[in-house]
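**Student:** The structure that follows is given in the form of structure tokens.
The values are calculated or read from the model by the stated rules, or taken from the named source; none is laboratory data. A quick note: this is a predicted structure, and the numbers were derived from the prediction, not measured. Don't worry about glycine lacking a Cβ; one is built from the backbone with ideal geometry, like all the others, and counts go over all protein chains shown. Note: areas computed on protein heavy atoms with side chains; ligands, DNA, RNA excluded. Shrake-Rupley method; radii C 1.70, N 1.55, O 1.52, S 1.80 Å.
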Amino acid sequence: MDCKIRDASLSAQGKLNVDWAEKRMPVLSVVAEEFSGTKPFSGLRIGACLHVTKETAVLMRALKAGGAQLWLCGSNPLSTQDDVAAELVSEGVGVFAWRGQSAEEYAWCIGKVLDAKPDIVLDDGADLTVEAHARGLKPLGGTEETTTGVLRLAALEREGKLGFPLIAVNDAKTKMMFDNRYGTGQSTIEGIIRATSVLLAGKKFVVAGYGWCGKGAAMRAKGLGASVVVTEVDPVKALEAAMDGFEVMRMDDAAKTGDVFVTVTGDRDVIVGRHFEAMKDGAILANSGHFDVEVDVKGLKALAKSVRRVRPCVDEYEMMDGRRLCLLGEGRLVNLACAEGHPSEVMQMSFANQALCAEFIAKARGRLPARLSKVPEEIDARVAALALRAMGRQIDALTPEQEAYLKSWA
Ligand code: ADE
């Protein structure tokens, strides 16, 4: 099988890690079990651009159980777990991914996945889908995992350029409310702690952006005793942050007092030159948004006298006046560059949505419109029910009288 990875001999550790994740992803195991009976992807090729993690490997196993032939590239140059990539190759997946790729290598890997002419594309950030459009490919459909990717696809649709059906997995309730909040919340803090080993208690922790991801990061930083500041551009979200008990201010003001900064806005130029100039000696900078555009790394380099790597994942920029600013994971997704991404327990819900939406596309066999659609309600509800069952939690059901009451104007 055609593939390019770092080191095939890492597969034994990769298998241990993938098995470790699989045990914690019972929702996906239910889906895989079902797929192994129904074979919804029999004869179909699936091309995926996802962070190559132990959790993604469990998704690959589920799709393979459903009869798919699989190709996979990473959705970030720094997020691939090389041992997992090796294990996936030994399980028959055509992987083109390794940690520490250049921009050219990253693009080459996307091209290799598309060379396989996938019938279904699974994407995280829309790089694969956008390139599929550039090549004029017309798969049966595709899915998109993340907020930034959904925004890019919505822009394509607005310009009338969407060439095939796409499903916004990110926007499913069982994805966004859990993966974006609890997943990003925990894994962002974990990335910062693994990289720096600093104590968060008593620190001023600045979160830029109060969407689901920002909410998660703020909530978990508070839980560790940090004093949390939120910066926002949306007045409703800013108000929500204030009423959740966080300090709200402009980045221009936060820059002067913050000890740790995390960007989770999805937009560019959130922390730029004038902010670097105002920051305290020792300030730590991290990004947890999809692309490395939120902290202006080029601008930081231009202002610095020197840069040195002081620990894995930590670059120390010495400014002209002697202050030192620490950038984590080169300004790329701190949770994946400096840790292992979201925990398996939350990824099982995101990836059950991915798997069931891929099945939905396969079953429709080309009858879906070339639009950006929501995850079908039944899939969202099913994922929630399976996750609750896996957690051993039971819930009440409405009586017929209660249902009638809710439907009645009287
Ligand atoms: N995105 C965030 N965390 C992830 C993980 N563990 N696996 C795949 N994609 C992710």
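**Student:** Report whether or not Gly149 is within 15 Å of the chain's Cα centre (by Cα) and part of a helix (DSSP H, G or I). If you could, list the steps in order and put the result at the bottom.
**Tutor:** Numbers: within 15 Å of the chain's Cα centre (by Cα): yes; part of a helix (DSSP H, G or I): yes.
In short, yes.
**Student:** Something else about it: List the helices (runs of 4 or more DSSP H) that sit entirely inside the stretch 176-262 and contain at least 3 residues that are surrounded by 22 or more Cβ atoms within 10 Å (Cβ to Cβ) and in contact with a helix residue (DSSP H, G or I) (Cβ under 8 Å, 6 or more places away or on another chain).
**Tutor:** Numbers: elements: 184-196, 212-223, 235-243, 251-257.
In the stretch 176-262, the matching helices (runs of 4 or more DSSP H) lie at 184-196, 212-223.
**Student:** Which of (1) hydrophobic (A, V, I, L, M, F, W, C); (2) open to solvent by less than 50 Å² (accessible area, probe 1.4 Å); (3) away from the ligand (no atom under 15 Å from the Cβ); (4) at pLDDT below 95 does Val89 not meet, given it meets every other one?
**Tutor:** (4)
**Student:** Here's a follow-up. For residues that are touching a Gly at 6+ places or on another chain (Cβ under 9 Å) and in a helix (DSSP H, G or I), tally how many sit in the stretch 362-386.
**Tutor:** 2
**Student:** When the stretch 128-160 is examined, which residues are found to be open to solvent by 30 Å² or more (accessible area, probe 1.4 Å) and not hydrophobic (A, V, I, L, M, F, W, C)?
**Tutor:** Once the filter is applied, which keeps residues that are open to solvent by 30 Å² or more (accessible area, probe 1.4 Å) and not hydrophobic (A, V, I, L, M, F, W, C), the stretch 128-160 yields Glu131, His133, Arg135, Gly136, Lys138, Thr147, Arg152, Glu157, Arg158, Glu159, Gly160.
**Student:** Would it be correct to say that Ile395 is over 20 Å from Asp119 (Cα atoms) and in contact with a Cys (Cβ under 8 Å, 6 or more places away or on another chain)?
**Tutor:** On the way: over 20 Å from Asp119 (Cα atoms): yes; in contact with a Cys (Cβ under 8 Å, 6 or more places away or on another chain): no.
No; evaluated as a whole, the condition is false for this residue.
**Student:** Sticking with this structure for a sec: Give the residue that is farthest from Thr196 (Cα to Cα), with candidates limited to residues of the stretch 310-333 that are assigned to a loop (DSSP other than H, G, I, E, B) and touching a residue at least 60 places away in the same chain (Cβ under 8 Å). Lay out the reasoning, then the answer.
**Tutor:** Within the stretch 310-333, the first condition is being assigned to a loop (DSSP other than H, G, I, E, B), and the residues that meet it are 312-313, 320-323, 332.
Then drop every residue that is not touching a residue at least 60 places away in the same chain (Cβ under 8 Å), which leaves 312-313, 332.
On the way: Pro312: 9, Cys313: 9, Arg332: 16 Å.
By that ranking, first place goes to Arg332.
**Student:** Further question on the same structure: Please verify whether the stretch 40-51 includes one or more residues that are under 18 Å from Leu114 (Cα atoms), near the ligand (Cβ under 10 Å from one of its atoms) and of a type outside the set (Ser, Thr, Tyr).
**Tutor:** Filtering the stretch 40-51 for residues under 18 Å from Leu114 (Cα atoms) gives 41, 43-51.
Keeping just the survivors that are near the ligand (Cβ under 10 Å from one of its atoms) gives 50-51.
Those left that are additionally of a type outside the set (Ser, Thr, Tyr): 50-51.
Looking for residues that are under 18 Å from Leu114 (Cα atoms), near the ligand (Cβ under 10 Å from one of its atoms) and of a type outside the set (Ser, Thr, Tyr), one finds at least one in the stretch 40-51, hence yes.
**Student:** Between a first residue in the stretch 136-162 that is more than 21 Å from Phe360 (Cα to Cα) and a second residue that is among the aromatic types (Phe, Trp, Tyr) and in a loop (DSSP other than H, G, I, E, B), which pairs have beta carbons less than 9 Å apart while being 6 or more apart in sequence or on different chains?
**Tutor:** Pairs that qualify, where the first residue is more than 21 Å from Phe360 (Cα to Cα) and the partner is among the aromatic types (Phe, Trp, Tyr) and in a loop (DSSP other than H, G, I, E, B), are Thr148/Phe291.
**Student:** Taking the stretch 334-371 as the region of interest, how many residues are within 16 Å of the ligand (Cβ to nearest atom) and in contact with a helix residue (DSSP H, G or I) (Cβ under 8 Å, 6 or more places away or on another chain)?
**Tutor:** Let us first name the residues in the stretch 334-371 that are within 16 Å of the ligand (Cβ to nearest atom), namely 334-355, 357-358.
Then drop every residue that is not in contact with a helix residue (DSSP H, G or I) (Cβ under 8 Å, 6 or more places away or on another chain), which leaves 334-344, 346-355, 357-358.
Residues in the stretch 334-371 being within 16 Å of the ligand (Cβ to nearest atom) and in contact with a helix residue (DSSP H, G or I) (Cβ under 8 Å, 6 or more places away or on another chain): 23 in total.
**Student:** Tell me, which residue of the stretch 335-345 that is within 11 Å of the chain's Cα centre (by Cα) and part of a helix (DSSP H, G or I) is nearest to Arg220 (Cα to Cα)?
**Tutor:** Ranking the candidates gives Asn335 first.
**Student:** Here's a follow-up. Quick check: is even one residue across the stretch 346-361 of a type outside the set (Phe, Trp, Tyr), assigned to a loop (DSSP other than H, G, I, E, B) and open to solvent by 20 Å² or more (accessible area, probe 1.4 Å)? Explain how you work it out, then say what you get.
**Tutor:** Within the stretch 346-361, the first condition is being of a type outside the set (Phe, Trp, Tyr), and the residues that meet it are 346-350, 352-359, 361.
Subsequent filtering for residues that are assigned to a loop (DSSP other than H, G, I, E, B) retains none.
Among the residues of the stretch 346-361, not one is of a type outside the set (Phe, Trp, Tyr), assigned to a loop (DSSP other than H, G, I, E, B) and open to solvent by 20 Å² or more (accessible area, probe 1.4 Å), which makes the answer no.
**Student:** Please enumerate the residues belonging to the stretch 115-142 that are of a type in the set (Val, Ile, Thr) and either more than 15 Å from Arg45 (Cβ to Cβ) or part of a loop (DSSP other than H, G, I, E, B) (or both). Talk me through it step by step, then tell me what you get.
**Tutor:** Within the stretch 115-142, the subset of a type in the set (Val, Ile, Thr) is 120-121, 129-130.
Across the stretch 115-142, the qualifying residues are Thr129, Val130.
**Student:** Taking the stretch 363-396 on its own, how many of its residues are open to solvent by 100 Å² or more (accessible area, probe 1.4 Å) and in contact (Cβ under 8 Å) with a residue 12 or more places away in the chain?
**Tutor:** 4
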